[in-house]
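Note sheet for the following structure.
The values are calculated or read from the model by the stated rules, or taken from the named source; none is laboratory data. Predicted, not measured: the structure shown is a model, and the values here were computed from it. Please note: Cβ atoms are built from the backbone with ideal geometry, for glycine as well, and neighbour counts cover all protein chains shown. These accessible areas exclude ligands, DNA and RNA; they are computed on the full protein's heavy atoms, side chains included. Shrake-Rupley method; radii C 1.70, N 1.55, O 1.52, S 1.80 Å.
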Amino acid sequence: MAETLAQVLLDTVKNYPRPDFMLYKKAGSYQPVSTEEFGRKVKQLCLGLRDLGLEKGDKVVILSENRPEWVITDHANLCLGAITVPIYTSLVPEQIKYIIDDSDAKAVVVSCKDLWERVEAVKPSLTKVRHSITFLEEAPEGVLTLNQVLERGRKVDEQNPALFESLVKAVKPEDEASLIYTSGTTGVPKGVILTHSNFLSNVQSVSTIIEFSDKDTVLSFLPLSHVLERMVTF
């Protein structure tokens with residue numbers, strides 16, 4: 001049985017291949033993401049982030065609405081041994097700045113123009129952030145696109161095909177997986193550290209209560225910044 005979320009990803013890709021591993025809505029219809037594509041992008045992003053200088057234990061902020069890239073980025077972090085810091089898309093620039101600073105995040109991943117503008121408003125004071133990445137096709141100045149980081153990872157994988165699995169194996173159950181902050185509606189957001197085993201214990205407990213298999217389809221509707229939505233996704 002998998003002992004880390006990184007191992008869960010590897011087991012899923014190897015043992016449960018399907019053409020519609022994930023679905024997202026575009027132009028009124030659901031578009032599929034295959035298990036192979038998902039796993040490949042996780043691997044390339046993991047190696048791309050490492051190529052940028054990110055290491056095990058580094059914090060990576062995700063500021064995005066629910067979408068496949070959110071989950072891909074999360075799993076790439078987890079496979080690297082990095083720590084995902086989700087931020088609610090409803091927060092204003094000063095709240096976003098507080099979480100980025102308080103978490104000591106080295107990288108910030110943002111989905112769209114509106115959310116990037118909130119980060120950009122406080123960017124001069126974000127002295128610990130080394131890299132900003134966007135899901136946009138074209139990035140603002142000084143920001144990398146997700147595709148650029150994926151390409152870096154693809155080249156690393158070509159040069160060292162064994163590296164990705166070695167990174168996954170280096171992740172331990174007691175390693176920190178995520179630093180999740182409260183929504184900030186009742187004061188300054190408070191961060192809680194959750195380990196790989198914290199998440200997996202919940203997954204395993206729920207699986208003994210709720211019948212669930214690879215034949216089921218799950219609708220994602222809570223923000224992925226919410227711990228319950230993350231646990232259900234895992």
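Annotations for the structure displayed:
- Among residues other than GLY48 with Cβ under 15 Å from its Cβ, the summed charge is +1 (Lys and Arg +1, Asp and Glu -1).
- Judged by the ratio a/c of the largest to the smallest principal axis of the C-alpha gyration tensor, region 1-113 counts as oblate, that ratio being 1.5 or greater while a/b is no larger than b/c.
- 10 Å Cβ shell holding at most 12 others, DSSP loop, GluC sites (Glu not before Pro): longest site-free stretch of the chain: 56-136
- The residues of region 57-189 expose, per residue, 44 Å² of accessible area to a 1.4 Å probe.
- Mean separation of Cα contacts under 8 Å, 6 or more apart, over the residue count of region 51-205: relative contact order %: 23
- Local electrostatic count, THR182, Cβ distance below 13 Å [Lys/Arg +1, Asp/Glu -1]: 0
- Average silhouette area of region 139-200, convex hull of alpha-carbon atoms, in square nanometres: 7.2
- Calculated mean residue ellipticity at 222 nm for the chain: -13000 deg cm²/dmol, from DSSP H runs with n ≥ 4 weighted as -39500 (n - 2.57), summed, divided by the residue count and rounded to 500.
- Based on every Cα atom in the chain, Rg and the maximum pairwise Cα distance Dmax equal 16.9, 49 Å.
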